[in-house]
Amino acid sequence: MRSGFVTIVGRPNVGKSTLLNRMLGTKVSIVSNKPQTTRTEVRGVLTRPDVQAVFCDTPGIHKPRTTLGERLNHTARSALADMDVVLFVVDGRGGIGNGDRFVAEGLPPDRTVLVLNKVDGQPRGRIIEQLALATDFGFDEYFPVSARKGTGVDDLLEHVLARLPEGPQYYPDDMVTDVPEAFWVAELVREQLLAVVRQELPHSIATRVTEWEWPHIRCEILVERDSQKGMVIGKGGLVLKEAGIRVREQLPEGAYLELVVRVDKDWQRRPRALDRLGY
């Protein structure tokens, strides 16, 4: 039996969560086109008869402007400890830049695989150019992939699994994530709100399940200002209703989801508020 831990790191919005979901063949991490969608370390487990890989999705590493941003960076960097393989994901469309070089600092060269994501639709010459730039990092291997379409992901996955050392099976065969159900539902709510609310809102939204007595689930949506509360609810409650419908489609039949919007002023700048939310 071989087993090990694989951390996925990179700047915000390079496709880390999409890559994780694609490799596992199921959704364990929420995705959106907004920065800082992933705020905690999310673990996904892939088990085969002779190998088990524990993948750790992490927040995008960035230049922080709030206490929340500082904590997200700390979470991402901390997840690198004792990892067998590091997948460093970069955006093949936007090109390798200073932000990628900032993330690359401190990554272990002998355990890091650079993943050039979003190569779908890119000219072959552009892909080769970006891979040539990436060699300056001095990492171990380089893979061009499209996490969204799946191109190149199977080859990347087989390479990662082959690198894992001999070890025990850490999780049961049928476990695909160690994320608690209540946390998962709160994340689904946040994911769908990110999909329907206006651009200026995402960083100011936090979600948490405050009651779980099946089939009743009560989820609080926290914003920082009264004006944002109206945006989340929408005219006639339409925004909140649409988000609720989208979440319920992903929950077991019979679930009753209650969504409540509350103002928690400047929560992302207050350490106690961040502690309470688990960030």
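The values are calculated or read from the model by the stated rules, or taken from the named source; none is laboratory data. None of these values were measured; they are calculated from a predicted model. Every residue, glycine among them, receives a Cβ derived from its backbone with ideal geometry; neighbour counts consider all protein chains shown.
Residue-wise test of (1) at pLDDT 85 or above; (2) of a type outside the set (D, E); (3) over 15 Å from the mean Cα position of the chain (by Cα).
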position: P59; (1), (2), (3): no, yes, no
position: T66; (1), (2), (3): no, yes, yes
position: A76; (1), (2), (3): no, yes, no
position: I96; (1), (2), (3): yes, yes, yes
position: R111; (1), (2), (3): yes, yes, yes
position: L114; (1), (2), (3): yes, yes, yes
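Among the candidates I30, I8, which residue alone is within 14 Å of the chain's Cα centre (by Cα) and modelled with pLDDT under 85? Every option except I30 fails the conditions. Here P165 fulfils each of the conditions (1) in contact (Cβ under 8 Å) with a residue 40 or more places away in the chain; (2) within 22 Å of the chain's Cα centre (by Cα); (3) closer than 19 Å to R2 by Cα apart from (2). Among all residues of segment 262-270, there is none that is touching a helix residue (DSSP H, G or I) at 6+ places or on another chain (Cβ under 7 Å) and within 18 Å of V185 (Cα to Cα).
Give the residues of segment 235-264 that are assigned to a loop (DSSP other than H, G, I, E, B) and loosely packed, with under 12 Cβ neighbours inside 10 Å, sorted by residue number.
Correct list: E249, P252, E253, G254.
Residues of segment 90-110 include none that is farther than 14 Å from V14 by Cβ, of a type outside the set (K, R), part of a helix (DSSP H, G or I) and touching a helix residue (DSSP H, G or I) at 6+ places or on another chain (Cβ under 7 Å).
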